[in-house]
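Right, one structure below, let's go through it.
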Amino acid sequence: NLDITIITNMIDIMHLFSLNSQSKTRLIGIGGTCNNIIDGFVGISSIQQIKKFNIDRCFIGAIGVNVLNGNISTFEQEDGLTKSAIIQASRKKYLITEKTKIEQDGRYIFSNLQDFQFLLTDNNLNSSLKKELKLFNIRII
């Protein structure tokens, strides 16, 4: 029950934080074109709304993280463009991805590891991956 504001384009996050009517957390839902694959709103309408906010921290998911060139990718172009807008509007940037998505690529590149300060992942990464990620000055959490 934190006194924070959450801005999200993801339907699951909107639902999760709207369940507790006693919560101090304020929820701002970003609209736009609903993409059923990602279960969220994307596109030009979403991007225009996002650009109006000063965001302290963003948490961005990825389908692919290429540790050789730092490219971060997703499957859908509109999803990638929306994520790019969120990254640009944010001060601190957290990349969230499963270990299995590191060293694979999606179709659309939307960012680079150099744009992020933190990487949140589900498993301990091997020393080789940690060494490659260290080149991008990203802190692994």
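Summary table
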| read-out | value |
| --- | --- |
| Distance between modelled label sites at Q88 and N54, nm, 7 Å Cα→Cβ extension | 1.8 nm |
| Principal axis dimensions, the range 12-141 - Cα atoms, whole angstrom, descending | 45, 32, 25 |
| Solvent accessible area, Å² - D105, 1.4 Å probe, full protein context | 90 Å² |
| Interchain or long-range residues, amide H under 5 Å from I6's placed H | R26, L27, I28 |
| G40 long-range amide H proximity, modeled H, under 5 Å | I11, N35 |
| Helix runs (DSSP H) in the chain reaching 20 Å along axis by Cα, Kyte-Doolittle at least -0.5 | none |
| Surface per residue (accessible, 1.4 Å probe) for the chain, Å² | 60 Å² |
| The range 1-79, dipole about Cα centre (Lys/Arg Cβ +1, Asp/Glu Cβ -1), debye to the nearest 20 | 320 debye |
| Per DSSP, loop chymotrypsin sites (Phe, Trp or Tyr not before Pro) in the range 3-81 with at most 16 further Cβ within 10 Å | F53, F75 |
| Selection from N126, Q114, I7, by position along the positive dipole direction of the chain (Cβ) | Q114 |
| Amide H contacts of Q104 (H built 1.01 Å from N, under 5 Å, at least 5 apart or other chain) | V65 |
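The values are calculated or read from the model by the stated rules, or taken from the named source; none is laboratory data. Predicted model only: the values in this text are computed from it and were never measured. We place every Cβ from the backbone using ideal geometry, glycine too, and count neighbours over all the protein chains shown. The accessibility values were calculated without ligands, DNA or RNA, using every heavy atom of the protein model including side chains. Shrake-Rupley method; radii C 1.70, N 1.55, O 1.52, S 1.80 Å.
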